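Quick notes on the structure that follows.
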């Protein structure tokens with residue numbers, strides 16, 4: 001990493017993905033930073049399955065994925081320039097309480113929350129049925 005400015009280059013943050021996937025043990029030199037929360041392959045596959053069906057129905061057109069220190073967010077947009085219609089969130093610190101997964105509408109209303117992502121994503125089944133019946 002010669003020539004980098006403390007991990008920053010041209011305003012962008014450089015992330016070593018090996019540190020995210022396999023964070024160092026607590027107490028080691030760089031173990032004080034918490035790992036970034038992300039969707040695993042299975043979770044992302046389930047989300048993209050629903051997303052793909054809604055895109056095919058013409059309801060959704062874009063998405064964004066944010067991986068933060070405390071949660072991962074899959075934002076769904078009707079148009080790129082708008083606020084997200086829905087957010088599918090994974091918040092591990094809520095896993096033992098009401099569940100790590102939630103779907104939130106644009107106004108901030110939590111539509112469904114639970115321990116299993118597949119069950120939480122069923123909130124979109126009604127929308128898919130009504131779109132398919134048109």
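The values are calculated or read from the model by the stated rules, or taken from the named source; none is laboratory data. Just so it is clear, the structure is predicted and the values come from calculations on it, not from any experiment. So basically every Cβ, Gly included, is an ideal-geometry build from the backbone, and we count neighbours across all protein chains shown.
Kindly evaluate residue 38 against the criterion of being under 15 Å from the mean Cα position of the chain (by Cα), modelled with pLDDT of 90 or more, farther than 18 Å from residue 126 by Cα and surrounded by fewer than 14 Cβ atoms within 10 Å (Cβ to Cβ). Reasoning before the result, please.
Details: under 15 Å from the mean Cα position of the chain (by Cα): yes; modelled with pLDDT of 90 or more: yes; farther than 18 Å from residue 126 by Cα: yes; surrounded by fewer than 14 Cβ atoms within 10 Å (Cβ to Cβ): no.
Spelling it out, it is not the case that residue 38 is under 15 Å from the mean Cα position of the chain (by Cα), modelled with pLDDT of 90 or more, farther than 18 Å from residue 126 by Cα and surrounded by fewer than 14 Cβ atoms within 10 Å (Cβ to Cβ).
Being at pLDDT 85 or above and within 24 Å of residue 102 (Cβ to Cβ), is that true of even one residue in the stretch 15-32? Lay out the reasoning, then the answer.
Start the filter on the stretch 15-32 by keeping residues that are at pLDDT 85 or above, which leaves none.
Scanning the stretch 15-32, I find no residue that is at pLDDT 85 or above and within 24 Å of residue 102 (Cβ to Cβ), so the answer is no.
I'm told residue 121 meets every condition in (1) without any contact (Cβ under 8 Å) to a residue 60 or more places away in the chain; (2) closer than 26 Å to residue 35 by Cβ; (3) surrounded by 15 or more Cβ atoms within 10 Å (Cβ to Cβ) except one. Can you identify the failing condition by its number?
Failing condition for residue 121: (1).
Select from the stretch 62-73 the residues that are touching a helix residue (DSSP H, G or I) at 6+ places or on another chain (Cβ under 7 Å) and either outside the structural domain of residue 124 (by TED's automatic domain parsing) or surrounded by 14 or more Cβ atoms within 10 Å (Cβ to Cβ) (or both) and list them in ascending order. Reasoning before the result, please.
Within the stretch 62-73, the subset touching a helix residue (DSSP H, G or I) at 6+ places or on another chain (Cβ under 7 Å) is 63, 70.
63, the sole residue that qualifies.
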